[in-house]
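Please read the structure below before turning to the comments.
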Amino acid sequence: MKTLTCTTPGTFEYSETEKPELKKDHSIIKIKRIGICGTDLHAFEGTQPFFNYPRVLGHELSGELVEADGADGFKIGEAVTFIPYFNCGECIACRMNKPNCCVKMQVCGVHVDGGMREYLQVPSRTLLHGEGLSYDELALVEPLAIGAHGVRRADVQPGEFVLVIGAGPIGLGTMEFARIAGANVIALDINEDRLAFCKDKLKVEYMVNALSPDVTQQLSDITNGDMPTVVIDATGNQKAINNAINYMAHGARFVLIGLQKGDLIFNHPEFHKRESTLMSSRNATIEDFEHVIKSMKAGLVNPTNYITHQVKFEEVKDEFESWLDPKNGVIKAMVSIE
């Protein structure tokens, strides 16, 4: 089968590898779509934490189920996606029903080889029915689930002001699910095109450019002087994360979806006086995946809004580096394998 491997930062190589042989309690998917996410871009750049090379990238995936063992209720030939976080089932996190932060986590395309190939074998317990959604839509379930999980971590309530920092794909999905939860959503980003996308495509009501000299005042004006009661970072940018404490209401929750390699540094009195709650949000759970699929089916989310670039699998090696350039306006690149 055709396989694309990131051999070192900045380098891809195509090769012919063996098609997987079915193992007990596993299933084989003929990959149809591969969504390109920030993890893939950072891996190519060499800036992704928890990573080593060579690695077959790709975890935003959909395809056709072609072989299966222990996949009760699934039919050969049906469209599927899957949860790409392979947990051990035995550690303290798994026993606490938090498989998304398993101590021995193996994320497809990060810790183990992913889906930039024609066929991929996954544990059958991770499979999700396509529910009539297209391959493009199914490949977008995972990134949207990341945002849905962050919103659930924050326990967003109707009427709250929720500030989402970062209008990349994960931030955009976070805004959508904050809106679905009934929040008043505020988008904060340095890119005016991304902010325009929030307004025009996602119908986000409030936009703030992070480069403005009066960000805090704008947030105060929007929230009638209260400031946002939920702040969610989806940038993974150290400066943005460390500065976000200044945008929180007293009693607010600060959720970190974005991940960066450095330290968290903010003023302790500023954090303390607010009686702030700080939490991270890692991956997503089956509840989040199911919530995303139901929201797609109900028309609450239009996932195809996110797809700005479409390429064939054979073109990825030549096109991939261009997706790193903000000038190219990439929100979501979608790769097709036929």
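The values are calculated or read from the model by the stated rules, or taken from the named source; none is laboratory data. Predicted, not measured: the structure shown is a model, and the values here were computed from it. Glycine gets a Cβ as well: all are built from the backbone with ideal geometry, and neighbour counts include every protein chain shown. These accessible areas exclude ligands, DNA and RNA; they are computed on the full protein's heavy atoms, side chains included. Shrake-Rupley method; radii C 1.70, N 1.55, O 1.52, S 1.80 Å.
Tabulated data for the structure shown
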| quantity | calculated |
| --- | --- |
| Under 15 Å, Cα to Cα: Lys pairs in the stretch 1-158, sequence gap 8 or more or different chains | 5 |
| The stretch 147-280, dipole about Cα centre (Lys/Arg Cβ +1, Asp/Glu Cβ -1), debye to the nearest 20 | 320 |
| Leu22-Asn328 FRET efficiency (beta carbon distance; Förster radius 35 Å; 0.05 resolution) | 0.30 |
| Rounded Å value of the spacing that divides the Cα centres of the stretch 269-338 and the stretch 179-230 | 19 |
| Spin-label pair Lys201/Asp318, simplified geometry with 7 Å Cα→Cβ offset, distance in nm | 2.5 |
| Rounded to the nearest 20 debye, dipole of the chain from Cβ charges on Lys, Arg, Asp, Glu | 640 |
| For the stretch 289-338, alpha-carbon Rg and Dmax in angstrom | 13.7, 37 |
| Amide N proximity, the stretch 253-287 versus Lys98 label position 7 Å along Cα-to-Cβ, cut-off under 19 Å | 253-260, 264, 276-287 |
| Helical mean residue ellipticity (222 nm; -39500 (n - 2.57) per DSSP H run of 4+; nearest 500) of the chain | -7000 deg cm²/dmol |
| Long-range amide H partners of Phe82 with built H, under 5 Å | Leu61, Leu128 |
| Where trypsin sites (Lys or Arg not before Pro) in DSSP loops with at most 14 other Cβ within 10 Å are excluded, longest remaining stretch of the chain | 105-200 |
| Share antiparallel - DSSP beta bridges, the chain, percent rounded to 5 | 55 |
| Spread of Cα-to-Cα distances over 10 Å intervals beginning at zero, given as percent, for the stretch 147-280 | 14, 50, 34, 3 |
| Percent carbon-and-sulfur accessible area, the stretch 147-280, ignoring ligands, DNA and RNA, probe 1.4 Å | 48 |
| Spin-label proximity, Ile286 to the stretch 115-134 - amide N less than 12 Å from point 7 Å beyond Cα toward beta carbon | 124-129 |
| Phi-based couplings in Hz for the stretch 68-83 (Karplus 6.51, -1.76, 1.60; Gly and Pro marked x) | 7, 9, x, 10, 4, x, 9, 10, 4, x, 7, 6, 9, 10, 7, 8 |
| Other-chain or far-sequence residues with amide H under 5 Å of Ser280's (modelled H) | Leu256 |
| Global form of the stretch 88-131, assessed from the alpha-carbon gyration tensor, a/c cut-off 1.5 | oblate |
| Charge dipole (the stretch 147-280, unit charges on Cβ, about Cα centre) - positive-most of Tyr206, Gly251, Gly150 | Gly150 |
| Per residue accessible area of the chain, 1.4 Å probe, in Å² | 45 |
| Kirkwood Rh and Cα Rg combined as Rg/Rh, the stretch 1-40 | 1.03 |
| Convex hull of the stretch 1-70 built on C-alpha atoms - directionally averaged projected area, nm² | 5.3 |
| Carbon + sulfur, % of accessible area of the stretch 17-136 - ligands and nucleic acids excluded, 1.4 Å | 48 |
